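Asker: Here it is: the structure, laid out below.
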Amino acid sequence: MNIGAAARAMSNFGFSELRLVNPYDVAFREARSAVKSQRILKDAREYSTLAEAVADCGLVVGTTSKGHRALQHSLRRLETGGRLIAKKLGNAPVALLFGSEKFGLSNEDMSHCHWLLRIPAREEHGSMNLGQAVAVCLYEIIRSPAAAKARPEPRRPASAEDLERITSLLEEVLERSGYVHASVEGSTRMKIRRLVRRADLKTHDAEVWLGMLRQIRWKLLSLFPE
């Protein structure tokens, strides 16, 4: 199931080459957790040793929750390691290694790594589900801070004419409902006009409001005909 979840995360973030070292059971190719990523499982390559699996890679990075054991490698947080991996991917294959759900990577596995990577998590619960850890790491590798700063496409503001139509309809509906009292009619109408304009409605929103108010007016007329 974790292999299937890892394949799904790979598909989500645009990675396609899954390599497995002595997978526990060949049934992983039928994992239900690999939603829309069966192709990645089908094409996954199996190896008997880790050395064979990473032989063509220019960079090998292991993942670890650190725990209490002494590490003989440089350990980088995901934010820094993700940028280094993304940069290296431009000119060489990179292997990102994940160990088993229960034990993680062994010291022997780590000996094949150039450095190690960790996802910052609270000490009381430093380990993560394998599929989730894959998703978090791959997202960090592909994310673009510049894209996050991109502004959404601006929406056209509602015209003064549409705002006045909304104001008139709202006034009529409120008057028919008994909200507007004759003694304060003038000030209430000004409050409504200001309220509508402070809403900063866009063109589409104005159309929706007009449709709703027309329906309310129609219902009031059918219940309380003039």
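Asker: Listed residues 166, 142; which is in contact with a Phe, Trp or Tyr (Cβ under 7 Å, 6 or more places away or on another chain) and not assigned by TED's automatic domain parsing to the domain that holds residue 21?
Answerer: 166
Asker: Residue check: is residue 155 assigned by TED's automatic domain parsing to the domain that holds residue 199, touching a residue at least 12 places away in the same chain (Cβ under 8 Å), on the phi < 0 side of the Ramachandran plot and not aliphatic (A, V, I, L, M)?
Answerer: no
Asker: Now, a different point. If we keep just the residues of the range 40-71 that are basic (Lys, Arg) and in a loop (DSSP other than H, G, I, E, B), which is modelled with the highest pLDDT?
Answerer: Looking at the filtered set, the residue picked out is 66.
Asker: Right, here's the next one. Filter the range 77-132 down to the residues that are at pLDDT 90 or above and among the hydroxyl-bearing types (Ser, Thr, Tyr), then identify the one that is farthest from residue 44 (Cα to Cα).
Answerer: 80
Asker: Sort out which residues of the range 72-103 are within 23 Å of residue 22 (Cβ to Cβ) and assigned to a loop (DSSP other than H, G, I, E, B), and write them in order of number.
Answerer: Answer for the range 72-103, where residues must be within 23 Å of residue 22 (Cβ to Cβ) and assigned to a loop (DSSP other than H, G, I, E, B): 73, 93, 98, 99, 101, 102, 103.
Asker: Could you look through the range 45-100, keep only residues that are in contact (Cβ under 8 Å) with a residue 60 or more places away in the chain and among the hydrophobic types (A, V, I, L, M, F, W, C), and pick out the one that is surrounded by the most Cβ atoms within 10 Å (Cβ to Cβ)?
Answerer: The selected residue is 50.
Asker: Pick from 131, 62, 81, 104: which is under 21 Å from residue 37 (Cβ atoms) and assigned by TED's automatic domain parsing to the domain that holds residue 19?
Answerer: After applying the criteria, what remains is 131.
Asker: Can you pull out every residue in the range 137-150 that is at pLDDT 75 or above and surrounded by fewer than 19 Cβ atoms within 10 Å (Cβ to Cβ)?
Answerer: Across the range 137-150, the qualifying residues are 139, 142, 143, 144.
Asker: Now for a different question. Look through 133, 199, 121 and report the one residue that is surrounded by 12 or more Cβ atoms within 10 Å (Cβ to Cβ), small (Gly, Ala, Ser) and farther than 30 Å from residue 71 by Cα.
Answerer: Residue meeting the stated conditions: 199.
The values are calculated or read from the model by the stated rules, or taken from the named source; none is laboratory data. Because the structure is predicted, anything quoted here is derived from the model rather than measured. Because the Cβ atoms are built from the backbone with ideal geometry, glycine has one as well, and the counts that use them run over all protein chains shown.
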